[in-house]
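The values are calculated or read from the model by the stated rules, or taken from the named source; none is laboratory data. Computed from a predicted model, the values in this text were never measured in an experiment. Cβ placement follows ideal geometry from the backbone for every residue including glycine, while neighbour counts extend to all protein chains displayed.
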Amino acid sequence: MFRFTIRDVLWLTVVVGMGLGWWSWWRSLPPPDARVTGSVSVSGMPLEDGRLCLHSADGPIFGARITKSQFLIPRVPVGHFRVTIEGGGVPVRYASASSELTIQIRNGENVADFNLAGN
């Protein structure tokens, strides 16, 4: 037969309380920011070197270097963004503030492949 002392009960209460506290804290953390990966090509040809920027309506800009047509932006908040792309052979209309490219970012992994029309 087991006998528990008041010290055993208090210790068990502390351990369970700490476990519930950690669990509650863990559940209260916001989800991680989204991540955006993809590729860029111009008239079917991979863009070897350039820059891609995501412009939010609130003002912040998130960007990445394009290398061998691939890009990665690791921490982007969820939302709607206007996309600008700069690089050799990219038409000016995609690099300007009036770019028609847009993207909707959702939680988790987002893949965006851009095949831009040439001049």
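Listed here are the residues, each with its yes/no results for (1) in a loop (DSSP other than H, G, I, E, B); (2) free of Cβ contacts under 8 Å to residues at least 60 places away in the same chain; (3) touching a helix residue (DSSP H, G or I) at 6+ places or on another chain (Cβ under 7 Å); (4) more than 19 Å from D33 (Cβ to Cβ).
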position	(1), (2), (3), (4)
D58	yes, yes, no, no
F71	no, yes, no, no
T84	no, yes, yes, yes
N110	no, no, no, no
Filtering the stretch 1-48 down to residues that are among the aliphatic types (A, V, I, L, M) and either more than 30 Å from V76 (Cα to Cα) or outside any strand (DSSP E or B) (or both) yields M1, I6, V9, L10, L12, V14, V15, V16, M18, L20, L29, L47
Given the criteria farther than 16 Å from G108 by Cα, under 19 Å from the mean Cα position of the chain (by Cα) and at pLDDT 90 or above, does A64 qualify?
yes
Residue check, V42 against (1) of a type in the set (V, I, T); (2) within 30 Å of N115 (Cβ to Cβ); (3) exposed (fewer than 10 other Cβ atoms within 10 Å of the Cβ), all met but one. Which one?
(3)
Residue by residue through the stretch 84-101, note down the ones that are touching a Phe, Trp or Tyr at 6+ places or on another chain (Cβ under 7 Å) and over 11 Å from R51 (Cβ atoms).
L101
